[in-house]
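Written out below as structure tokens is the structure these notes cover.
The values are calculated or read from the model by the stated rules, or taken from the named source; none is laboratory data. If you're wondering where the values come from, they're calculated on a predicted model, not measured in any experiment. Cβ atoms come from the backbone with ideal geometry, glycine included; neighbour counts cover every protein chain shown.
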Amino acid sequence: MNRVLLGLTLATIAASAAYAAGPDLGAVQQAATNWPAILMFLFFVLLTLGITYKAAKGTKSAADFYAAGGGISAGTNSLAIAGDYMSAASFLGISGLVYTSGFDGLIYSTGFLVGWPIVLFLIAERLRNLGKFTFADVASFRLDQTSIRIISAVGTLVVVAFYLIAQMVGAGKLIQLLFGLPYLYAVIIVGVLMIVYVAFGGMKATTWVQVIKACLLLGGATFMAGAVLFKYGFNPEALFANAVQVHPKGDAIMAPGGLVSNPVEAISLGVGLMFGTAGLPHILMRFFTVSDAQAARKSVFYATGLIGYFYILTFIIGFGGIALLMSDPSYFKLGPAGAFDKLKDMIGGTNMVAVNLANAVGGPYFLGFISAVAFATILAVVAGLTLAGASAISHDLYAQVIARGRTTEKHEVNLSKISAVVIGIVAIYLGYVFENQNVAFMVGLAFAVAASCNFPVLAMSILWRGTTTWGALAGGLVGLLTAVIMVVLSKAVWVATLGNPAPLFPYDNPALFSMPLAFATIWIVSLMDRSRRAQRERAAFEAQYVRSETGIGASGAHAH
Amino acid sequence: MSGTTLDLRGRTTPPGQRNLGTDVDPQVERIARTPEFQQLVSERTKFGWTLTILMLIVYFGFIGLIAFDKSLLAVKVGGTASLGLFAGVFVILFAFALTGIYVARANTRFDALSDALKRSVAR
């Protein structure tokens with residue numbers, strides 16, 4: 001039972017609005033139209049469209065489109081990284097999890113944060129020194145362009161596809177709840193806006209959408225957590241004491257509960273979150289928007305601070321929900337004689353804890369603000385994903401593989417814009433098709449693929465002299481396939497979606513198995529690779545090494 | 001395409017058995033042989049991996065405690081808050097502090113080494 005619960009929750013939360021798309025939201029009641037929220041959201045949309053218009057006029061070269069001309073400062077980039085990473089699910093899902101289980105919510109908060117130091121120590125500066133627009137630039141630096149671009153682009157597109165479906169479905173459900181708009185409208189609005197941001201404004205517009213959203217989200221969450229603490233005289237101990245009193249589980253919410261009962265599952269989840277972060281294509285792309293390795297380094301440092309701060313806020317918000325909402329029947333669906341289950345009967349489900357708490361501490365206008373922020377959050381995350389997917393198609397697959405480098409910059413950027421439109425339309429369609437499917441496992445799968453395909457290929461090509469094209473190609477494929485197959489055979493898909501009686505793979509998180517397998521495959525196949533190309537590639541490591549460590553020869557900030 | 005502009009037609013062999021005099025890009029070979037480069041790389045690599053391993057120990061230590069010794073994390077520390085709560089917040093602060101330590105060292109020591117290297121190469 002514990003494992004079932006764990007599995008469902010792990011898969012459900014993973015990193016994004018997938019949580020909001022979980023099974024408990026399956027039959028969402030469309031809420032009454034929430035005008036303050038819609039007006040505030042419209043204001044956000046107008047502001048970001050204005051920025052997109054300005055960005056579009058300044059976006060001429062490929063460097064402008066993919067990397068905002070490399071002119072983003074470390075501070076701005078850190079906000080954009082945080083904006084890309086803090087999803088609506090982190091906000092709503094983790095505060096909801098803290099509300100129901102207390103301490104267990106913290107397990108996810110830590111897991112989502114600890115990937116960042118790894119990104120900084122091993123990846124960020126070298127990535128900036130070696131690459132230009134996509135992480136495939138780096139992985140294919142001294143390896144065969146065609147093969148490595150293909151495996152990197154496939155890894156990117158798989159991650160983007162699963163992440164995007166989860167976000168679209170989550171967005172539709174959430175907006176039904178928050179704004180009282182029909183599901184399909186919500187999905188179309190999200191899809192159309194992300195197309196406009198990416199296709200017209202490229203990386204510049206996408207970056208500023210992230211920055212504004214990050215500021216709104218951090219500001220709103222700070223206000224909420226502050227208001228909660230204010231009620232307890234800024235004494236967390238008093239907040240915890242009150243929460244323990246009103247929570248049905250009592251003192252148990254302060255200790256690890258049943259969520260992580262299986263050590264293998266827990267460690268596998270940790271591996272996926274930690275190393276998946278270092279393989280998310282839309283995050284890796286952000287390191288090319290700054291001028292040099294120093295700025296890349298600083299932006300990870302600031303971003304780690306912002307993201308850590310945000311997760312501490314969600315924890316306080318979850319406890320605030322316990323202390324301030326649980327004894328107020330107006331936030332619950334009441335049964336006969338006014339009875340209600342504090343954990344199950346919250347209006348809108350436990351994902352709505354943060355939203356209901358906004359009403360409790362700030363009234364209906366603040367509720368509208370937080371709803372608008374949640375919508376903006378989804379929009380910003382999908383825009384970042386779309387840009388990463390479009391770049392993989394135009395810069396990696398088209399320019400390097402199909403046209404073999406014989407294309408113009410203008411042509412490549414145009415193709416990227418067309419790709420963004422196509423990705424947007426496909427995302428709207430998939431969001432529509434998957435409306436009533438359980439898509440909760442998809443974000444977990446996206447992290448697992450990022451950790452098992454993108455990260456090993458990238459890390460080994462940068463860090464190990466012996467890596468050859470055959471090794472990277474085989475390892476990336478093995479990581480990708482095992483991660484996907486293990487998830488398909490796990491409970492979340494094999495049993496919950498496909499209706500089989502028992503899972504063939506016992507764990508919901510494959511990363512503990514699929515990631516080492518990918519590394520081992522790269523290592524063994526590279527060692528066995530005796531081709532002349534392999535010898536050339538090993539020999540070329542020296543030049544790559546010098547550049548990755550010093551930045552000498554790296555492309556500058558501006559293409560013009 | 002900057003990713004492919006390094007004009008490297010020749011081969012190099014691993015540093016231990018370096019076989020100079022072949023058609024290696026002379027610039028790369030020269031940089032790689034400078035003491036500044038070797039010191040920068042060895043210091044930074046050591047530092048980066050040390051911090052990485054520290055992060056792994058702390059995070060998987062935390063997850064390990066949750067998986068294997070829940071009762072320890074349930075121990076009360078001053079009233080209601082449990083040891084687990086402090087441990088979780090500690091992991092978050094530790095991760096941030098580690099990135100801070102890395103950046104502080106990189107901004108001073110590694111950047112200085114890197115500048116010295118660039119000066120020495122320019123000579």
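Evaluating A:A238 against the criteria (1) over 26 Å from B:L65 (Cα atoms); (2) in contact with a helix residue (DSSP H, G or I) (Cβ under 6 Å, 6 or more places away or on another chain) leaves one unmet condition, (2). Among the residues making up region A:105-125, a single one is more than 8 Å from chain B (Cβ to nearest Cβ) and either surrounded by fewer than 24 Cβ atoms within 10 Å (Cβ to Cβ) or hydroxyl-bearing (S, T, Y) (or both): A:Y108. The number of residues in region A:395-427 that are assigned to a loop (DSSP other than H, G, I, E, B) and more than 21 Å from A:S147 (Cβ to Cβ) comes to 1.
Please determine, by comparing only the residues of region A:258-284 that are in contact with an Asp or Glu (Cβ under 9 Å, 6 or more places away or on another chain) and away from every other protein chain (no Cβ under 12 Å), which one is surrounded by the most Cβ atoms within 10 Å (Cβ to Cβ).
Within region A:258-284, the first condition is being in contact with an Asp or Glu (Cβ under 9 Å, 6 or more places away or on another chain), and the residues that meet it are A:258-260, A:265, A:268-269, A:280, A:282-283.
Adding the requirement that they be away from every other protein chain (no Cβ under 12 Å) leaves A:280, A:282-283.
Working: A:L280: 30, A:H282: 25, A:I283: 25.
Among those that are in contact with an Asp or Glu (Cβ under 9 Å, 6 or more places away or on another chain) and away from every other protein chain (no Cβ under 12 Å), it is A:L280.
Taking first residues from region A:173-195 that are outside any helix (DSSP H, G or I) and of a type in the set (A, V, I, L, M) and partners that are surrounded by fewer than 21 Cβ atoms within 10 Å (Cβ to Cβ) and at pLDDT 80 or above, the Cβ contacts under 9 Å between residues at least 6 apart in sequence or on separate chains come to A:L181/A:I38; A:L181/A:I189.
Kindly list the number of the only condition in (1) over 18 Å from the mean Cα position of the chain (by Cα); (2) within 11 Å of chain B (Cβ to nearest Cβ) that fails for A:S291. So A:S291 meets the others, but not (2).
Would you check if there is a residue in region B:73-92 being of a type in the set (D, E, K, R) and more than 24 Å from A:I316 (Cα to Cα)?
The initial filter retains those residues of region B:73-92 that are of a type in the set (D, E, K, R), namely B:76.
After this cut, where a residue has to be more than 24 Å from A:I316 (Cα to Cα) as well, the list is none.
Within region B:73-92, none of the residues are of a type in the set (D, E, K, R) and more than 24 Å from A:I316 (Cα to Cα).
Would region A:341-348 turn up any residue that is among the charged types (D, E, K, R) and assigned to a helix (DSSP H, G or I)? There is no residue in region A:341-348 that is among the charged types (D, E, K, R) and assigned to a helix (DSSP H, G or I). Would region A:215-230 turn up any residue that is among the hydrophobic types (A, V, I, L, M, F, W, C), in a helix (DSSP H, G or I), within 14 Å of chain B (Cβ to nearest Cβ) and closer than 27 Å to A:W35 by Cβ? Scanning region A:215-230, I find at least one residue that is among the hydrophobic types (A, V, I, L, M, F, W, C), in a helix (DSSP H, G or I), within 14 Å of chain B (Cβ to nearest Cβ) and closer than 27 Å to A:W35 by Cβ, so the answer is yes.
Exactly one of (1) over 24 Å from the mean Cα position of the chain (by Cα); (2) in contact (Cβ under 8 Å) with a residue 12 or more places away in the chain is unmet by A:L46. Its number? Exception for A:L46: condition (2). Per this entry, A:A511 is counted among residues that are within 14 Å of another protein chain (Cβ to nearest Cβ) and closer than 16 Å to A:E265 by Cβ. Entry remark, region A:126-160: residues being of a type in the set (F, W, Y) and either over 22 Å from the mean Cα position of the chain (by Cα) or surrounded by fewer than 24 Cβ atoms within 10 Å (Cβ to Cβ) (or both) number 1 in total.
One residue stands out among those in region B:67-76 that are more than 7 Å from every other protein chain (Cβ to nearest Cβ) and touching a strand residue (DSSP E or B) at 6+ places or on another chain (Cβ under 8 Å): the one that is farthest from A:V264 (Cα to Cα), which is B:K76. Against the numbered list (1) free of Cβ contacts under 8 Å to residues at least 60 places away in the same chain; (2) within 28 Å of A:K60 (Cβ to Cβ); (3) surrounded by fewer than 20 Cβ atoms within 10 Å (Cβ to Cβ), A:N359 comes up short only at (2). Test of understanding: among B:G64, B:G100, which residue is modelled with pLDDT under 95, surrounded by fewer than 19 Cβ atoms within 10 Å (Cβ to Cβ) and either within 14 Å of the chain's Cα centre (by Cα) or facing another protein chain (nearest Cβ under 8 Å) (or both)? Selected residue: B:G64, the only one of B:G64, B:G100 that is modelled with pLDDT under 95, surrounded by fewer than 19 Cβ atoms within 10 Å (Cβ to Cβ) and either within 14 Å of the chain's Cα centre (by Cα) or facing another protein chain (nearest Cβ under 8 Å) (or both). Of A:K342, A:K298, all but one fail to be surrounded by fewer than 23 Cβ atoms within 10 Å (Cβ to Cβ), within 14 Å of another protein chain (Cβ to nearest Cβ) and more than 16 Å from A:L92 (Cα to Cα); the exception is A:K298. Determine whether B:R44 is surrounded by 14 or more Cβ atoms within 10 Å (Cβ to Cβ), within 18 Å of the chain's Cα centre (by Cα) and either facing chain A (nearest Cβ under 7 Å) or farther than 30 Å from A:E537 by Cβ (or both). No: the conditions fail for B:R44.
Within region A:507-516, track down each residue that is part of a loop (DSSP other than H, G, I, E, B) and either at pLDDT 90 or above or of a type in the set (D, E, K, R) (or both). Can you show your working first?
Going residue by residue through region A:507-516, those that are part of a loop (DSSP other than H, G, I, E, B) are A:507-510.
Within region A:507-516, A:D508, A:P510 qualify.
Among the residues examined, B:G16 does not qualify as more than 7 Å from chain A (Cβ to nearest Cβ), surrounded by fewer than 19 Cβ atoms within 10 Å (Cβ to Cβ), at pLDDT below 85 and at positive phi.
Could you say which residue among A:S548, A:S531, A:S452, A:S514 is of a type in the set (S, T, N, Q) and surrounded by fewer than 22 Cβ atoms within 10 Å (Cβ to Cβ)?
On the way: A:S548 fails: surrounded by fewer than 22 Cβ atoms within 10 Å (Cβ to Cβ); A:S452 fails: surrounded by fewer than 22 Cβ atoms within 10 Å (Cβ to Cβ); A:S514 fails: surrounded by fewer than 22 Cβ atoms within 10 Å (Cβ to Cβ).
Selected residue: A:S531, the only one of A:S548, A:S531, A:S452, A:S514 that is of a type in the set (S, T, N, Q) and surrounded by fewer than 22 Cβ atoms within 10 Å (Cβ to Cβ).
In region A:319-340, the count of residues that are touching a residue at least 24 places away in the same chain (Cβ under 8 Å), part of a helix (DSSP H, G or I) and under 18 Å from the mean Cα position of the chain (by Cα) is zero. So, A:G226, is that one touching an Asp or Glu at 6+ places or on another chain (Cβ under 6 Å) and either modelled with pLDDT under 90 or surrounded by fewer than 24 Cβ atoms within 10 Å (Cβ to Cβ) (or both) or not? It is false that A:G226 is touching an Asp or Glu at 6+ places or on another chain (Cβ under 6 Å) and either modelled with pLDDT under 90 or surrounded by fewer than 24 Cβ atoms within 10 Å (Cβ to Cβ) (or both). Considering every residue within region A:490-499, establish whether at least one is more than 14 Å from chain B (Cβ to nearest Cβ), surrounded by fewer than 21 Cβ atoms within 10 Å (Cβ to Cβ), in a helix (DSSP H, G or I) and not polar (S, T, N, Q). Checked region A:490-499: at least one residue is more than 14 Å from chain B (Cβ to nearest Cβ), surrounded by fewer than 21 Cβ atoms within 10 Å (Cβ to Cβ), in a helix (DSSP H, G or I) and not polar (S, T, N, Q).
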